[in-house]
Amino acid sequence: MRAWCIQNKTLELNTLPTPEPGPEEVRIRVRAIGVNRADILQTQGLYPAPPGFDQRIPGLEYSGEVDAVGERVRGRQVGDAVMGLVPGCAYAEYVLCHERETLSLPETDGKPLDFARAATLPEAFLTAYRALFLEGGLQSGQWCLVRPATAGVGLAGVQLAAALGARPIGSSRHPDNLANARNMGLVAAVSEGPGMADELKTLTQGEGVAVILDMVGPDWDALLPGLRTEGSLVMIGLLGGTKTSLNLAGLLQRRQHLSAMTMRSQPLENRIRMAGLFNDRLAPLFSDGRLQPLPLETFPFDDAPSAHTHMLKSDFSGKRVIVL
């Protein structure tokens, strides 16, 4: 098979042996690959794959067809259209995963999604759902901040919050970048900067938001006054840097909760649980129109490095997808 491998912090297209599935694994003929910032960080040597996965091949998100099954597989068969998350190795013509990690392609407008649009879903929607609702405890009627509400996880977070009855506020350094979010249920917008907490309190009649989904950091001293008493900030990214200072007295007085999560490093049993959650809870929201696939830009497999180049420009509100 052909696979993009990391060589000296760049991507090179190599030919490798096609992997064979283990007893409970399926092999996927990859048709589309969702591009994530983690792929760029891994290429730069900053975010290695978990132990047990080929460090040379980036890629967390795929869609495609089951091509082969292990001897104990019962829930999937050759030809099934699937999508999903893997801890690594998706930048290839074939990828392996446990059969119960796979997600069925949801329907929109009465028919299954095409592979390119399907590849915009797993990472963005599972990450946003886990952060907002499982980690953050967001409930219907509550305010939340999605920071920023521009790229894949941000747009998914806005949609999920709106679809499940919460009131999403989105942030961006450039207000024009929130046009897609507004079309997906964004209730209000705030500008990144020192006045953001005051804007949040004004929008929420002085209370503050219940949950912050934060992909930026690290200016929490300026941000946490906009989080309500006993509210939760869930950090899933480090776009603004890795170091922060924090007034612990304010955190203590308001009994606020800080947590961090990634999807990539979850153990297999958690990944299986999240796959079941998507199939049971989120797929129906696509079928009834309350959720929609993300806007996308596509790149041919032979030009995968260009997808990274475009992503680094941060000039597109949506998802980059590599198609095979």
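Since every read-out is calculated from the coordinates, none of them should be taken as a lab result. Everything numeric here is computed off the predicted structure, so don't read it as measured data. Backbone-built Cβ (ideal geometry, glycine too); neighbour counts: all protein chains shown.
Could you grab the relative contact order for the chain? Cα pairs under 8 Å, six or more apart, rounded to a whole percent. Intermediate results must be reported in sequence, preceding the final value.
Values: 741 pairs, mean separation 56.9, N = 324.
It comes to 18 percent, rounded to a whole number.
Name all residues of region 49-71 having a backbone nitrogen under 20 Å from the label point set 7 Å from the Cα of Glu297 along its Cα→Cβ direction, giving them as ranges.
Inside the label zone: 59-62.
So, in nm, how far is label Ala260 from label Thr229 when the simple model puts each one 7 Å beyond its Cα toward the Cβ?
2.9 nm
When the helices in the chain are scored as -39500 (n - 2.57) per DSSP H run of 4 or longer and the sum is shared across all residues, what 222 nm value do you end up with, to the nearest 500 deg cm²/dmol?
Working: 11 runs with 79 residues, N = 324.
Value at 222 nm, helices only: -6000 deg cm²/dmol.
Take peptides 303-310, 37-44, 68-75 and line them up by average Cβ neighbours within 10 Å, highest first, as a rough protection proxy.
Numbers: 303-310: 16.8, 37-44: 19.6, 68-75: 14.1.
Most protected by this proxy first, the peptides run 37-44, 303-310, 68-75.
What residues qualify as long-range amide H neighbours of Met184, i.e. H under 5 Å apart, gap of 5 or more or another chain, H built at 1.01 Å from N?
Distant-sequence amide H within range of Met184: zero hits.
Defining a contact as two alpha carbons under 8 Å apart and six or more residues distant in sequence, what relative contact order in percent does region 124-260 show?
The value is 22 percent.
Efficiency by 1/(1 + (r/R0)^6): what FRET value for Thr309 and Thr244, r their Cβ-Cβ distance, R0 = 30 Å, to the nearest 0.05? All intermediate terms of the calculation are to be shown ahead of the outcome.
Working: r = 29 Å, r/R0 = 0.98.
For R0 = 30 Å, the calculated efficiency reads 0.55.
Tell me, in nm to one decimal, what length is gained between Ser191 and Thr15 on full extension, where the rule is 0.36 nm per residue of separation less the Cα-Cα distance?
Details: separation 176, 0.36 × 176 = 63.36 nm, distance 4.64 nm.
That works out to 58.7 nm of additional length.
Highest mean first, how do 152-163, 25-36, 244-255 rank when packing is the count of other Cβ atoms within 10 Å averaged over residues?
On the way: 152-163: 27.4, 25-36: 25.4, 244-255: 11.4.
For the peptides 152-163, 25-36, 244-255, the packing ranking is 152-163, 25-36, 244-255.
Using a basic spin-label model with each label point 7 Å from the Cα along Cα→Cβ, how many nm lie between Thr202 and Leu134?
Computed distance between label sites Thr202 and Leu134 equals 3.7 nm.
Modelling each spin label as a point 7 Å along the Cα-to-Cβ direction, I'd like the Arg290/Arg273 distance in nm, to one decimal.
It is 2.3 nm.
What's the ranking of 275-284, 220-229, 105-114, 8-17 by average number of surrounding C-beta atoms within 10 Å, highest first?
On the way: 275-284: 16.5, 220-229: 19.4, 105-114: 14.3, 8-17: 12.2.
The most tightly packed comes first, giving 220-229, 275-284, 105-114, 8-17.
For a paramagnetic label modelled at 7 Å from the Cα of Glu65 toward its Cβ, which residues of region 94-122 fall within the zone defined by backbone nitrogen distances under 13 Å?
115
For the chain, give me the percentage of DSSP beta bridges that are antiparallel, rounded to the nearest 5 percent.
Working: 32 of 58 bridges.
In the chain, approximately 55 percent of DSSP beta bridges are antiparallel ones.
I'd like the distance separating the alpha-carbon centroids of region 38-61 and region 6-25, in whole Å.
For region 38-61 versus region 6-25, the Cα centre distance is 12 Å.
Gln55 to Gln253: FRET efficiency via 1/(1 + (r/R0)^6), r the Cβ-Cβ distance, R0 51 Å, to the nearest 0.05?
On the way: r = 44 Å, r/R0 = 0.87.
E between Gln55 and Gln253, to the nearest 0.05, is 0.70.
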